[in-house]
Amino acid sequence: MRIWSDSFTDGADIPAACAFAVSDPDTHVKLSSNRNPHIAWDDVPAGTQSLVLICHDPDVPSEGGDVNREGRTVPASLPRVDFFHWTLADIPVCLKSLAEGMFSDMVTPHGKPGPDVAFTVKNGTEHQLRHGVNDYTGWFAGDPDMAGEYHGYDGPCPPWNDERVHHYVFTLYALDIPRLPLEGRFTGQEARMAIQGHILDEARIFGTYSLNPRVTADLSTDQSK
């Protein structure tokens, strides 16, 4: 199975248009366009009954004491954990791509609704897909201006003082079942566990992102050599 994106090159930077936030010289960060990237695939194995797409960031700090604090940095050596940005389940086999901005365009305070999301293919057939909640649900839980259930895609917003570049991994799973075996609200981690034993094939790409000007400057220097 093969997966690719017209929004970014595998292993290269996620574009600002697909991020939750971008750098700002005065406030460190400001909200961005938050468009889900284009994702396409082919060579789906025979016997596939549905697909699941999961995007996660494995570089999130395991401790938040230094996150986004003036005069402090999040050391690259700090242990990291997963943060789920997007879980899309029950993707029909007839679907071959997801357009940029199809499921997310701009930041939605308090989160986008879900889990059910209707999708109509070119022949007019409507399919019922489902979105899991992403981990901004927990991140914003204590913020009255943003708290809510964040279904679907919300893009990169790593700590602006993190010394580590973050990697955003998009994994597409071909399943031997027509529907994710979960009901109601579900998370990315729950979806990842529920599909075990049903995976016929999988493919992944990743993009990188940082809001730390020092890190992005170092990356630009390395890429110009």
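The values are calculated or read from the model by the stated rules, or taken from the named source; none is laboratory data. Note that this is a predicted model, so its numbers are computed, not measured. With ligands, DNA and RNA removed, areas are computed over all heavy atoms of the protein, side chains included. Shrake-Rupley method; radii C 1.70, N 1.55, O 1.52, S 1.80 Å.
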With Cα atoms, 0 to 90° folded angle of helix 213-224 axis to the chain main axis: 70
Per residue, in Å², the accessible surface of the range 77-131 once ligands and nucleic acids are set aside, probe 1.4 Å: 49
Choice from 157, 18, 94 showing the highest fluctuation, given a GNM over the chain with Cα pairs closer than 10 Å: 94
Cα-based equivalent ellipsoid, the range 148-200: semi-axes from gyration tensor eigenvalues, Å: 28, 15, 9
MRE, 222 nm, helices only [DSSP H, n ≥ 4, -39500 (n - 2.57), over the chain, to nearest 500]: -2500 deg cm²/dmol
Where Rh is the Kirkwood radius over Cα pairs, Rg/Rh for the range 25-139: 1.05
Centre separation in Å (Cα based) which lies between the range 1-75 and the range 172-208: 18
When the convex hull of its Cα atoms is projected in every direction, mean area for the range 22-70 (nm²): 6.3
HN-Hα J in Hz across the range 167-178 - Karplus 6.51, -1.76, 1.60, θ = phi - 60°, x for Gly and Pro: 10, 10, 9, 9, 10, 9, 10, 8, 10, 8, 10, x
Coarse-grained scattering of the chain at q = 0.08, 0.12 Å⁻¹, given as base-10 log I(q)/I(0) from a Debye sum over alpha-carbon atoms: -0.29, -0.65
